[in-house]
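Colleague: Please find one structure pasted underneath; my questions will follow.
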Amino acid sequence: MMKRLCFLGCLCIGLLGRSVPLFAQYAYHDASLFPVWGKATSVTANRYVRLPDSLEQVSRPSLWKLAMNSAGLSVRFRSNSTAIAARWELLFDNHMNHMTDTGVKGLDLYCLEGEEWRFVNSARPQGKKNATVIVSSMEPQDREYMLCLPLYDGILSLEIGVDSLATLALPAIEWPRRHKPVVFYGTSILQGGCASRPGMAHTHILSRWFNREMINLGFSGNGQLDMEIAPVIAGVDASVFVLDFVPNATVEQMEERMEAFYRVIRDRHPCTPILFVEDPVFTHTRYDRRVAEEVKRKNEMLHRIFADMQEQGEKHIYLLSSERMIGTDGEATVDGVHFTDVGFLRYAELLREVLSPWLSDYGAGERSPGRCTIEKTHR
């Protein structure tokens, strides 16, 4: 008995010496009490789903399943806690062999310092149900936080933990600004493949840089101009619509659907800029001639349809060349296609240059694109 007591005493001393977090000391609050940024619609039974429930029986099953991934979503809150913890249960507990689990199904915490969002730490998943202390040992002062949600998995439940005597409140300021968000529609790259953590997807990067809400409607392998998605996009009072579907859509799908898809958005937003994006020049096209030819054919079709629309008198449409999208050193992808954090940063830098003229005045009205957009996004 004495030996057992000595062992327990030594164990407690050891744990205290290592500052192992004691989850019991935190008070957990359901994240549904706090606003979600990045949704195109609020008509969802689960608040972390990206498409309206009405599409569940309409959309292709693979598309609907991806809509349940929380890519691009974030939860905003304010607290004076010395620590921030999280408990979350995943919908699928997905795992991929070319993307970190932290990016697939982890969380990222950012803190607002002045007018700049600063990365605090990531919450790394261990399985379907997770609990972790994201940061501790902070000074007890009020701070604004943004918690970025998983890119390639869904959320069944999410709780935010703070010191038992600390405050946890709604954000005091509406940053990123929600007025006139930017809506992105596209593929696996847009969804965030293969960022190392959620905050490194380019929509999150741009949201922090512009302090503007960005809506991510990226569907891995399924950005195929499904017509039921167009009204969801058109339902947002956006400053810019970015249509980045070419990596997934076939030449035949583009020829059949691209103009009709565009028309749904344009009829609701006659003067809002709509930016079409070329297929990236993937790094392995240097060696894989089949893929190189496919990229060439898709981009040629995009340009042909775009030119036809211009000839028909369509205004406020723009086309972004992928020439400078991810650099020329071949180091921007994890598998020749999907972006690393380097690739996402490079793409975000290009988009910042192109989007700035439309976002610099808080999204009030149509503006002419900057000179670089005219000279460098058209071929």
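Colleague: Within region 143-158, can one find any residue that is under 20 Å from Phe77 (Cα atoms), assigned by TED's automatic domain parsing to the domain that holds Leu320, within 20 Å of the chain's Cα centre (by Cα) and at pLDDT 95 or above?
Modeller: no
Colleague: Using beta carbons and a limit of 9 Å, which pairs, at least six apart or on different chains, have the first residue in region 124-147 and touching a residue at least 24 places away in the same chain (Cβ under 8 Å) and outside any loop (DSSP other than H, G, I, E, B) and the second one of a type in the set (Gly, Ala, Ser) and exposed (fewer than 14 other Cβ atoms within 10 Å of the Cβ)?
Modeller: Qualifying pairs under 9 Å: Glu144/Ala172.
Colleague: Let me ask another. If Pro150 satisfies every condition in (1) crowded, with 22+ Cβ neighbours inside 10 Å; (2) touching a His at 6+ places or on another chain (Cβ under 8 Å) but one, which is the exception?
Modeller: All conditions are met except number (2).
Colleague: I'd like to know if region 244-257 contains one or more residues that are over 20 Å from Leu350 (Cα atoms), part of a loop (DSSP other than H, G, I, E, B), in contact (Cβ under 8 Å) with a residue 24 or more places away in the chain and polar (S, T, N, Q).
Modeller: Among the residues of region 244-257, at least one is over 20 Å from Leu350 (Cα atoms), part of a loop (DSSP other than H, G, I, E, B), in contact (Cβ under 8 Å) with a residue 24 or more places away in the chain and polar (S, T, N, Q), which makes the answer yes.
Colleague: Looking at region 286-307, is at least one residue assigned to a loop (DSSP other than H, G, I, E, B) and at pLDDT below 95?
Modeller: Yes, the conditions are met somewhere in region 286-307.
Colleague: Which one is surrounded by the fewest Cβ atoms within 10 Å (Cβ to Cβ), of the residues in region 40-69 that are among the hydroxyl-bearing types (Ser, Thr, Tyr) and in contact with a Leu (Cβ under 9 Å, 6 or more places away or on another chain)?
Modeller: Once the filter is applied, the top-ranked residue is Thr41.
Colleague: Checking Cys271 against (1) of a type outside the set (S, T, N, Q); (2) within 21 Å of Ala249 (Cβ to Cβ); (3) in a loop (DSSP other than H, G, I, E, B): exactly one of these is not met. Which one?
Modeller: Cys271 satisfies every listed condition except (2).
Colleague: Return the pair list, or none, for Cβ contacts closer than 8 Å from residues in region 50-69 that are farther than 15 Å from Leu217 by Cα and in contact (Cβ under 8 Å) with a residue 40 or more places away in the chain to residues that are among the charged types (D, E, K, R) and surrounded by fewer than 18 Cβ atoms within 10 Å (Cβ to Cβ), at least 6 apart or on different chains.
Modeller: Val58/Glu228
Colleague: Do the conditions hold for Val162, that is, is it in a strand (DSSP E or B), of a type in the set (Val, Ile, Thr), modelled with pLDDT of 95 or more and assigned by TED's automatic domain parsing to the domain that holds Val342?
Modeller: So Val162 does not fit the description; no.
Colleague: If you check Ser360, Ser368, Ser356, which single one turns out to be under 25 Å from the mean Cα position of the chain (by Cα) and modelled with pLDDT under 95?
Modeller: It is Ser360.
Colleague: Taking the condition part of a loop (DSSP other than H, G, I, E, B), touching a residue at least 40 places away in the same chain (Cβ under 8 Å) and within 26 Å of Arg352 (Cα to Cα), does Val232 pass?
Modeller: For Val232, the condition - part of a loop (DSSP other than H, G, I, E, B), touching a residue at least 40 places away in the same chain (Cβ under 8 Å) and within 26 Å of Arg352 (Cα to Cα) - is not met.
Colleague: Could you say whether any residue in region 343-360 is assigned to a strand (DSSP E or B), under 22 Å from Thr272 (Cβ atoms) and in contact with a Ser or Thr (Cβ under 7 Å, 6 or more places away or on another chain)?
Modeller: Scanning region 343-360, I find no residue that is assigned to a strand (DSSP E or B), under 22 Å from Thr272 (Cβ atoms) and in contact with a Ser or Thr (Cβ under 7 Å, 6 or more places away or on another chain), so the answer is no.
Colleague: On to the next question. Within region 183-204, can one find any residue that is in contact with a Lys or Arg (Cβ under 8 Å, 6 or more places away or on another chain), in contact (Cβ under 8 Å) with a residue 12 or more places away in the chain and assigned to a strand (DSSP E or B)?
Modeller: No, there is no match, as no residue in region 183-204 is in contact with a Lys or Arg (Cβ under 8 Å, 6 or more places away or on another chain), in contact (Cβ under 8 Å) with a residue 12 or more places away in the chain and assigned to a strand (DSSP E or B).
Colleague: In this structure, does Thr203 turn out to be crowded, with 19+ Cβ neighbours inside 10 Å and either within 17 Å of the chain's Cα centre (by Cα) or not assigned by TED's automatic domain parsing to the domain that holds Leu355 (or both)?
Modeller: yes
Colleague: What residue, among those in region 309-353 that are under 21 Å from Phe245 (Cβ atoms) and of a type in the set (Gly, Ala, Ser), is surrounded by the most Cβ atoms within 10 Å (Cβ to Cβ)?
Modeller: Taking the candidates together, the pick is Gly343.
The values are calculated or read from the model by the stated rules, or taken from the named source; none is laboratory data. Source: prediction; values computed, not measured. No Cβ is skipped: glycine too gets one built from the backbone with ideal geometry, and neighbour counts run over all protein chains shown.
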